[in-house]
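Trainee: Can you read through this structure? Questions will come right after.
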Amino acid sequence: MSRRRMDGRSGASAGLLCDIQTPISTEPMESVYELTGELGRGKFAVVKRCVDKATGKVFAAKFIRKRRRGRDCRAEVTHEMAVLEMSRSNARVVNLVAAYETDHDIILVLEYAAGGEIFDHCVSDELLPETQITRLIRQTLEGVHQLHQNNLVHLDLKPQNILLTSLSPLGDIKIVDFGLARKLGSVGELREILGTPEYVAPEILNYEPITTATDLWSVGVIAYMLVTGESPFAGDDKQETFLNVSQVSVDYSRDAFSRVSELAVDFIRKLLVKAPEDRPSAAECLSHPWLWQLCLSPDSVAIIRERISGSKWGAPSEDPEDKENFLESPHVKRFRFEETAPAEFC
Ligand SMILES: Nc1ncnc2c1ncn2[C@@H]1O[C@H](COP(=O)(O)OP(=O)(O)OP(=O)(O)O)[C@@H](O)[C@H]1O
């Protein structure tokens, strides 16, 4: 699966946040941390494991190049820091701890996610059991829901950017890489060409307005990949991939779907729809029975299913009260988006 990314247009810097609280130190970071190996790399960044010499605590240091293609990109890095700071209370987002600056890089010291990328579980011979997949998707939606409440959109959600706090036992998710994230409403309408071809939503390809629904498309892609081990839109080349995305050409007949409940297909189908306004919000997704059926009693699931037949999950509901009421269902209300569902349920 490719890791190519489309570049931002000339207006890529539109809507960048610039207010940061974290001081950027020009002291050498090595006076505080010992670097102990590489964790990953992207196009303009290398992420290294580092240990706080005083406490022995492990962190991830993201070395982000300040100049890219001859252009000063300091503002993009400051923006990424500002988004991380705005998400400090979001338990599903990796925490920013400190920042350093060298001649070439700005280094973000981040909370360490020791369990690696969920991408590894999409390409592994042994796919995750459905209970784990639904738990990870629930947590991803909780994180996305909180971002959206702050009018932030991630715009680069993919299995490589959803990390795990531990591998064995499988930990909780942490969302990383806010380089493409944007604050909605900070500039007029947001239309940009960015993201990674396999994971971009049709509205991005069509240069149509970007909304929170764009991230929900990506959640659909991530769920598909965790369930099937395949990338739903990946073609042999970029053109074919774009065509698959714009035609929403998805194969739901894969054998892999036979290992999960029919509700998994229902969930993914509702997200991978072309019109952003027809996709459910993160909050609505969190009410889908697929995410709870393995935690709740069959009776509770039946009630949720029944309610869903008259809600957005059935046919898009025009009545806002309908949505409110649905979310107030005793079974759904029990797990507020801000908190993790009780361990005994999951
Ligand atoms: N906090 C972290 N803990 C552990 N590993 C991390 C952490 N942050 C990033 N990584 C690893 O480094 C990789 C690259 O990080 P990140 O996506 O933030 O870099 P990037 O240059 O912005 O990437 P891209 O070019 O794909 O957008 C991640 O996919 C992950 O494997």
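Trainee: Please go through the stretch 119-170 and write out the GluC sites (Glu not before Pro) that DSSP classes as loop and that have at most 12 other C-beta atoms within 10 Å.
Mentor: Counting only loop positions with at most 12 other Cβ atoms within 10 Å, the GluC sites (Glu not before Pro) in the stretch 119-170 are Glu126.
Trainee: Can you give the extra length, in nm with one decimal, that the chain gains between Asp120 and Arg65 once fully stretched, where that is 0.36 nm per residue apart less the Cα-Cα distance?
Mentor: 17.2 nm
Trainee: Let me ask something else about it. Under a Cβ-Cβ cut-off of 11 Å, what is the net charge of the residues other than Ala60 that fall near it, where Lys and Arg count +1 and Asp and Glu count -1?
Mentor: Surrounding charge for Ala60 is +2.
Trainee: For the stretch 86-205, what percent of Cα pairs sit more than 22 Å apart?
Mentor: It works out to 41 percent of all Cα pairs.
Trainee: So what does Asp120 come to for accessible area, using a 1.4 Å probe and Å² rounded to 10?
Mentor: Approximately 80 Å² of Asp120 is accessible to the 1.4 Å probe.
Trainee: Residues of the stretch 52-74 with backbone nitrogen within less than 20 Å of a virtual label 7 Å along the Cα-to-Cβ line of Glu38, please, listed as ranges.
Mentor: 59-69
Trainee: I've got another one for you. How much net charge surrounds Ser249 when only other residues with a Cβ under 12 Å from its Cβ are counted (Lys, Arg +1; Asp, Glu -1)?
Mentor: Value of the local net charge: -1.
Trainee: Moving on. What ³J(HN,Hα) values, in whole Hz, does the Karplus curve 6.51 cos²θ - 1.76 cosθ + 1.60 give for the stretch 82-97 when θ = phi - 60°, with x put for Gly and Pro?
Mentor: Per-residue couplings from phi come out as 4, 5, 4, 5, 5, 9, 3, 7, 8, 5, 8, 10, 5, 8, 8, 9 Hz.
Trainee: Given a Förster distance of 35 Å, report the FRET efficiency between Asn150 and Ala275 from their Cβ-Cβ distance, rounded to the nearest 0.05.
Mentor: E(calc), rounded to 0.05, equals 0.90.
Trainee: Quick one: if you stick a label point 7 Å off each Cα along the C-beta vector at Arg254 and Lys53, how many nm between them?
Mentor: Distance between label points: 4.8 nm.
The values are calculated or read from the model by the stated rules, or taken from the named source; none is laboratory data. Note that the structure is predicted; figures quoted are calculated from it, not measured. Note: ideal-geometry Cβ built from the backbone for every residue, glycine included; neighbour counts use all protein chains shown. Please note that ligands, DNA and RNA were not included when accessible areas were found on the heavy atoms of the full protein model with its side chains. Shrake-Rupley method; radii C 1.70, N 1.55, O 1.52, S 1.80 Å.
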